[in-house]
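The values are calculated or read from the model by the stated rules, or taken from the named source; none is laboratory data. Small disclaimer: the values here were computed from a predicted structure and weren't measured. Cβ sites come from the backbone with ideal geometry, for glycine too, and all protein chains shown count toward neighbours.
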Amino acid sequence: MVTYNLAELGEEFVIQFGVDAHEIEVDTLASSLISIARAIEIIADVCDPGTLVEVRIDALSDGTLRVRLKPIARRLLGATAGILGTLSLSILGTLIYDKMIKDPESITVHVDGNVVTIQHGETTVIIPIEAHNIKKKIDGNEAIKESLDEQVSRTFEALEANSEVKSFGFVRSIKKTKHPPVFLVDRE
């Protein structure tokens, strides 16, 4: 059984590219990061319409390539400022997970306080309730859903085109830790 607890993510927005060397082909990195940045912008607008977001690369790590992104809301409204990174990762993880599911009819969803547990077969994804509520808004708007699906697809097209990338995921910290990734998609 695999559990991805996206509710455990802090405010740090760290993406891990599973590569053997501390390098990655520029087009792969740039294409995937641009698509992720566009997805964050769309999510920010759903969270808080009118919010403009700038996404910056804040740091690169040693070993398996980790990139810390820093979403910056240029116009702070509502709750967007404090939780944009956490919500973005949770929603992106849920969108990626949705694309991986072959039989969406067999999904079960349980709301328990501040978290939502999504179960499909042997896989469980846990997200903050706020992310779940925003995901429902996204699912209810076909244009936004298609736009986000396109950005997620572009991210994975760039990663799949580079055989050096073995996995892609979200981690708790830019620093190497003993903790496994919070969310991980292997090449297989």
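For the reader, a short list of remarks on this structure follows.
- Any hit, segment 127-137, residues being assigned to a loop (DSSP other than H, G, I, E, B), among the hydrophobic types (A, V, I, L, M, F, W, C) and touching a strand residue (DSSP E or B) at 6+ places or on another chain (Cβ under 7 Å): no
- Residue check, K176 surrounded by fewer than 20 Cβ atoms within 10 Å (Cβ to Cβ) and assigned to a helix (DSSP H, G or I): no
- Of residues in segment 8-33 being surrounded by fewer than 12 Cβ atoms within 10 Å (Cβ to Cβ) and modelled with pLDDT of 80 or more, the one nearest to S167 (Cα to Cα): D20
- On the stretch given as segment 139-186, residues that are over 28 Å from V46 (Cα atoms) and in contact (Cβ under 8 Å) with a residue 40 or more places away in the chain total 9.
- Checking each residue in segment 157-175 for being more than 18 Å from L6 (Cα to Cα) and either in contact with a strand residue (DSSP E or B) (Cβ under 8 Å, 6 or more places away or on another chain) or acidic (D, E) (or both) picks out E157, L159, E160, E164, V165, K166.
- Against the test of being in contact with a Pro (Cβ under 6 Å, 6 or more places away or on another chain) and of a type outside the set (F, W, Y), the options I40, I15, I36, I24 yield a single qualifying residue, I40.
- Pairs meeting the criteria (first residue in segment 106-130 and in contact (Cβ under 8 Å) with a residue 24 or more places away in the chain and over 22 Å from C47 (Cβ atoms), second residue exposed (fewer than 14 other Cβ atoms within 10 Å of the Cβ) and among the β-branched types (V, I, T), beta carbons under 6 Å, at least 6 apart or on different chains) are T123/V2; T124/T3.
- Residue within segment 34-49 that is modelled with pLDDT of 80 or more, under 29 Å from K178 (Cβ atoms) and under 12 Å from the mean Cα position of the chain (by Cα) present: yes
- The combined condition, being among the basic types (K, R) and at pLDDT below 85, is fulfilled by K99.
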